[in-house]
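The values are calculated or read from the model by the stated rules, or taken from the named source; none is laboratory data. Every value quoted in this text rests on a predicted model; they were computed, and no experiment measured them. Using ideal geometry, Cβ is built from the backbone for each residue, glycine included, and neighbour counts are taken over all protein chains shown. Heavy atoms of the whole protein, side chains included, go into the accessibility calculation; ligands, DNA and RNA do not. Shrake-Rupley method; radii C 1.70, N 1.55, O 1.52, S 1.80 Å.
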Amino acid sequence: MAKQPAAVLGTGQTHYVAKRHDVSMSGLVREAIDRAMADAQVGWDDIDAVVIGKAPDLFEGVMMPELSMVDAIGATGKPMLRVHTAGSVGGSTANVAASLVQSGVHRRVLAVAWEKQSESNAMWALSTPVPFTMPVGAGAGGYFAPHVRSYIRRSGAPEHIGAMVAVKDRLNGAKNPYAHLKQPEITLEKVQASQMLWDPIRYDETCPSSDGACAVVLGDEDTAKAAEQAGRRVAWIHATAMRTEPTTYAGRDQVNPEAGRIAAAALWKQAGITDPLTEIDCAEIYVPFSWFEPMWLENLGFTPEGSGWKLTEAGETAIGGQLPINMSGGVLCSNPIGASGMIRFAEAAIQVMGKAGDHQVDGARKALGHAYGGGSQYFSMWVVGADRPTN
């Protein structure tokens, strides 16, 4: 059976900061939910089901926190699903919620994802001791730095590319009222002078640890059309895709993972897109370390392999360029891990709804939201547009 049209009716975000000691996890999540529901102009009686996304429980040290949050997230007496696909979970949660609407199971679904990293330590949560995993012991940065070095060797990218991405995203983040890091005075020289953490990743080329939550309200075709008739803009979901691969296997390419490539190919096909570089107006891509921008540009099929850095170096991924990337500041500016993927999806929707304020891309009609997680093994993405899909 063909998928039924679905759309984002509203989005909500908290302000992202290092530590939210003033609220519990339930209070944090409710802030995003209340803002999303107000944006969508819906009440609790309008919500048929709730889908929540959460990264590993060790990130807060609370096992299955959703069980104590049912009242706060409005799920009492309603279907509630929890999604977990590591760092990509926010995107996967939005996709699962979309599938419930596209399948005709529910008319309106609330999706929410969050992280309250201040209540635990993600670095150590990601450094599980031997014998359960290889002795990396250095969190995500230690795991991904070798992949970045491999990318640089394979592509011949000059060493300043990572710093360029960091400057771009931090300047974008300075325009986003929700962003955690706001550095309007950042320069290439300041980034290059910052401490080396995991060669070649410097301090200013890394993401922060944030507390925060993001929520979206999705609706079916009739609900979305009614919103448009009332003068409100929605973000129509043109395509969704999720793919996974094992963490380790013979011949695995962690610079350009197969799961990401086939997810992107499926996404573009479903959206009727043959040339994403010219047909996508802007994109929110999961870039926790600055070098992942050119890597994912290639993995997603925007550029041939080995040339993603050239698009970055030419300034084409800045607002005003051919393909603006991470207009909100991206993961480099705000990183509540469980929510980071949904923020990418929500920000893509905000762009095509024309609600992005100071970081709005003029004339944005079609946008990509992207997330990855684990050891570059989980991928989730969607394409949203200002116009109802015709395919």
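Among (1) in contact with a helix residue (DSSP H, G or I) (Cβ under 6 Å, 6 or more places away or on another chain); (2) in contact (Cβ under 8 Å) with a residue 60 or more places away in the chain; (3) open to solvent by less than 30 Å² (accessible area, probe 1.4 Å), there is one condition residue 175 misses while meeting the rest; what is its number?
It is condition (3) that residue 175 fails.
Go through region 222-251 and give me each residue that's within 21 Å of residue 390 (Cα to Cα), open to solvent by 80 Å² or more (accessible area, probe 1.4 Å) and outside any loop (DSSP other than H, G, I, E, B).
Once the filter is applied, which keeps residues that are within 21 Å of residue 390 (Cα to Cα), open to solvent by 80 Å² or more (accessible area, probe 1.4 Å) and outside any loop (DSSP other than H, G, I, E, B), region 222-251 yields 222, 225, 229.
Could you list, in sequence order, the residues of region 183-202 that are assigned to a loop (DSSP other than H, G, I, E, B) and of a type in the set (Asp, Glu)?
185, 199 - these are the residues of region 183-202 that are assigned to a loop (DSSP other than H, G, I, E, B) and of a type in the set (Asp, Glu).
Kindly indicate the residue of region 224-279 that is over 30 Å from residue 356 (Cα atoms) and among the hydroxyl-bearing types (Ser, Thr, Tyr) and also farthest from the chain's Cα centre (by Cα) among those meeting that condition.
If we take residues in region 224-279 being over 30 Å from residue 356 (Cα atoms) and among the hydroxyl-bearing types (Ser, Thr, Tyr), then 249 is farthest from the chain's Cα centre (by Cα).
Looking at the structure I just gave you, is residue 298 over 19 Å from residue 204 (Cβ atoms), at pLDDT 95 or above and crowded, with 21+ Cβ neighbours inside 10 Å?
For residue 298, the condition - over 19 Å from residue 204 (Cβ atoms), at pLDDT 95 or above and crowded, with 21+ Cβ neighbours inside 10 Å - is met.
May I ask you to verify whether residue 212 is within 19 Å of residue 340 (Cβ to Cβ) and either modelled with pLDDT of 95 or more or open to solvent by less than 30 Å² (accessible area, probe 1.4 Å) (or both)?
Spelling it out, residue 212 is indeed within 19 Å of residue 340 (Cβ to Cβ) and either modelled with pLDDT of 95 or more or open to solvent by less than 30 Å² (accessible area, probe 1.4 Å) (or both).
Among the residues of region 74-121, count how many are surrounded by fewer than 24 Cβ atoms within 10 Å (Cβ to Cβ) and part of a loop (DSSP other than H, G, I, E, B).
Looking only at that region, the number is 15.
Pick from 385, 375, 357: which is small (Gly, Ala, Ser) and open to solvent by 10 Å² or more (accessible area, probe 1.4 Å)?
Testing whether each residue is small (Gly, Ala, Ser) and open to solvent by 10 Å² or more (accessible area, probe 1.4 Å) leaves just 357.
I'd like to know if region 243-251 contains one or more residues that are within 30 Å of residue 166 (Cβ to Cβ) and at pLDDT below 95.
Yes - at least one qualifying residue is present in region 243-251.
Run down 330, 369, 375 and say which single residue is part of a loop (DSSP other than H, G, I, E, B), touching a strand residue (DSSP E or B) at 6+ places or on another chain (Cβ under 8 Å) and either farther than 22 Å from residue 12 by Cβ or of a type outside the set (D, E, K, R) (or both).
330
Inside region 122-156, can you point out the residues that are at pLDDT 85 or above, open to solvent by 10 Å² or more (accessible area, probe 1.4 Å) and small (Gly, Ala, Ser)?
Once the filter is applied, which keeps residues that are at pLDDT 85 or above, open to solvent by 10 Å² or more (accessible area, probe 1.4 Å) and small (Gly, Ala, Ser), region 122-156 yields 150, 155, 156.
Are any of the residues in region 338-349 touching a residue at least 12 places away in the same chain (Cβ under 8 Å), outside any strand (DSSP E or B) and open to solvent by 10 Å² or more (accessible area, probe 1.4 Å)?
no
Cβ-Cβ distance below 8 Å, separation of 6 or more or different chains: which pairs start in region 8-23 with a residue that is within 28 Å of residue 238 (Cβ to Cβ) and end on one that is open to solvent by 10 Å² or more (accessible area, probe 1.4 Å) and of a type in the set (Asp, Glu)?
Here the result reads 9/39; 10/39; 11/39; 12/31; 12/34; 12/39; 14/31, each pair linking region 8-23 to a residue that is open to solvent by 10 Å² or more (accessible area, probe 1.4 Å) and of a type in the set (Asp, Glu).
Consider region 29-64. How many of its residues are hydrophobic (A, V, I, L, M, F, W, C), out of contact with any His (no Cβ under 8 Å at 6 or more places or on another chain), open to solvent by less than 50 Å² (accessible area, probe 1.4 Å) and within 22 Å of residue 96 (Cα to Cα)?
Counting residues in region 29-64 that are hydrophobic (A, V, I, L, M, F, W, C), out of contact with any His (no Cβ under 8 Å at 6 or more places or on another chain), open to solvent by less than 50 Å² (accessible area, probe 1.4 Å) and within 22 Å of residue 96 (Cα to Cα) gives 11.
Filter region 252-267 down to residues that are not in a helix (DSSP H, G or I) and not hydrophobic (A, V, I, L, M, F, W, C) and give me whichever is surrounded by the most Cβ atoms within 10 Å (Cβ to Cβ).
Of everything passing the filter in region 252-267, 257 is surrounded by the most Cβ atoms within 10 Å (Cβ to Cβ).
Evaluate the following for residue 316: is it touching a Pro at 6+ places or on another chain (Cβ under 8 Å) and open to solvent by 10 Å² or more (accessible area, probe 1.4 Å)?
For residue 316, the condition - touching a Pro at 6+ places or on another chain (Cβ under 8 Å) and open to solvent by 10 Å² or more (accessible area, probe 1.4 Å) - is not met.
Given the conditions (1) assigned to a loop (DSSP other than H, G, I, E, B); (2) farther than 26 Å from residue 348 by Cβ, which single one is not true for residue 26?
Answer for residue 26: the failing condition is (1).
What is the one condition in (1) outside any helix (DSSP H, G or I); (2) surrounded by fewer than 24 Cβ atoms within 10 Å (Cβ to Cβ) that residue 310 does not satisfy?
Failed condition: (1).
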